[in-house]
Every structure is written in C-alpha cells, then in structure tokens.
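The values are calculated or read from the model by the stated rules, or taken from the named source; none is laboratory data. Remember, predicted model here, so these are calculated numbers, not experimental data. Glycine also receives a Cβ, built like all others from the backbone with ideal geometry; neighbour counts cover every protein chain displayed. Please note that ligands, DNA and RNA were not included when accessible areas were found on the heavy atoms of the full protein model with its side chains. Shrake-Rupley method; radii C 1.70, N 1.55, O 1.52, S 1.80 Å.
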Amino acid sequence: LLIKCPFTSRRQRQRLSMLMCVALSSALACGEEVSNIFALPPPGDAVVGQLGSVVVGGHETLVDVSRANKHGFDAMVAANPGIDPWVPEHGAEVVLPGLHVLPDAPRQGIVVNVAEKRLYYYPRDKHGRVSSVEVYAVSVGRGDWQTPLRTTRVVAKVKNPAWYPPESVRAEHAARGDMLPTVVPPGPDNPLGQYVIKLTLPSYYIHGTNRENGIGMQVTNGCIRMYQADIE
C-alpha cells in the first residue's frame, strides 16, 4: 500500500484537459451516474473515468450530492465553482468529478493520493493479473494530524471494531470539554464505522465512519476514512 502525493507529467495534464472538455459536454447531456471501477489503461496512459452530472432539486447541498454519488466534498466543490455548496439553486446542474488521473505510482495494491483525497485499488484476478482500477473518495489528516506519506502493508481486516482512542486524541478532545472513554465499543457511535483495515503504521487505519458528511475533506487524525459501502 503506497500513500503519496504524486505529480502528473505535462503530457498527462494536457491530455486530461482535452478529455475534460469532451467529457463535460457529453456528461451534461446524458446525466448518467459514473461507476468507480474502470479498465486499466495501458502503460503511459493514466486517464480513467468520465464526468457526469445531476440536477439538484433545491433542497440538496453539495454534501448530499457527494454522498449520493460517492464523491468527495472538496472535489465536488472544485468541480462546481459557480454553485453555492450549501444552497445550490433549484434546477442547477452539478458536475460529478468522475474523471481521474492515476497516480504516478506502481499499479498494484492500494495507492492513496493524499493531496487528491482519493484511494486507488488495483485488484488482482484469479490469475494474478491487474486489469482494473477502483477509485474511491477518502478523507485524510488535518492540520498537525497529517496522513504520513510512505509505503506500508495491510496486516488485518476487522468487522465491527472497537476503537481505542490514542492518548493524543483523548487529550485534544478533553481540551474541548469532550471526554473520550478509553474504549468505544462497536455500534453507531463508533467513529471507525463497521470496518477497519489495519496497517503496519501503528494507530493509522483505513476505516469506515459514522459521519459520512466529511468524506473527501481533511478532517481526520491521520487515518484514511471511507464511505461505509466503499470500505465494505
């Protein structure tokens, strides 16, 4: 599993810009939801997916649109600079940011682009080949709680985990008058959600959440947070 902040080549950026123009005009016409699973492009080609769009009815925020379409909030706001994220106009056409540039990293396992707030998963088929990539919105570390950039490994996967808040996290909450217990049992109040992927990095997980509104933002204590359905 590789966590990094990659840069794309000039040729990739130029090609992405051209594809975005074509995909945007197409997507706004069709209004179809975009899948997060794509065929793996050949070496030298790093663009996958396409843009989509939805029309809001006047009561949704861009948080609601992001959750419904499994995109991250920051990416949704960036894709719609002319739309108020909290009070979009009735009938506004919202662009779904489903066009991606694969990170400049080995196409294997899990790669997290921290700056982009996206996770790329390259599953192997029964013959050990990688022929597809899955793209997921994630939340990453905020402020002084940055998600570390390094290579690590998955060591365990846990369903319905208990959460043992580190002392540093308990101290931060205590400073706000929010006293955390030493252990939070599985259930709706557990910030880890229903699933946890443990890494060789102590206290850093890929996990679900009981607060999906924050997906796609810098809001965690360094962990990588996913929509419940995505991590499942």
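Residues checked against (1) out of contact with any Phe, Trp or Tyr (no Cβ under 9 Å at 6 or more places or on another chain); (2) of a type outside the set (Val, Ile, Thr):
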| residue | (1), (2) |
| --- | --- |
| ALA75 | yes, yes |
| ASN80 | yes, yes |
| VAL87 | yes, no |
| PRO97 | yes, yes |
| VAL101 | yes, no |
| VAL112 | no, no |
| LYS126 | yes, yes |
| GLY143 | yes, yes |
| GLN146 | yes, yes |
- request: Inspect the range 35-42 for any residue being in contact (Cβ under 8 Å) with a residue 12 or more places away in the chain, assigned to a strand (DSSP E or B), under 22 Å from GLY208 (Cβ atoms) and under 14 Å from the mean Cα position of the chain (by Cα) and give the result as yes or no.
  value: yes
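Restricting to the range 180-232, name every residue that is of a type in the set (Phe, Trp, Tyr) and either under 14 Å from VAL114 (Cα atoms) or open to solvent by 20 Å² or more (accessible area, probe 1.4 Å) (or both).
Going through the range 180-232, the residues of a type in the set (Phe, Trp, Tyr) turn out to be 195, 204-205, 227.
Within the range 180-232, TYR195, TYR204, TYR205 meet the criteria.
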- request: Could you list, in sequence order, all residues of the range 194-218 that are assigned to a loop (DSSP other than H, G, I, E, B) and either modelled with pLDDT of 95 or more or hydrophobic (A, V, I, L, M, F, W, C) (or both)?
  value: GLN194, THR200, LEU201, GLY208, THR209, ILE215, GLY216, MET217
task: Answer yes or no: is there a residue in the range 122-135 that is open to solvent by 20 Å² or more (accessible area, probe 1.4 Å), closer than 26 Å to LEU199 by Cβ and touching a helix residue (DSSP H, G or I) at 6+ places or on another chain (Cβ under 7 Å).
output: no
- prompt: strands (runs of 3 or more DSSP E) wholly in the range 63-162 with at least 2 residues that are within 14 Å of the chain's Cα centre (by Cα) - which ones?
  reply: 99-101, 109-113, 118-122, 132-141
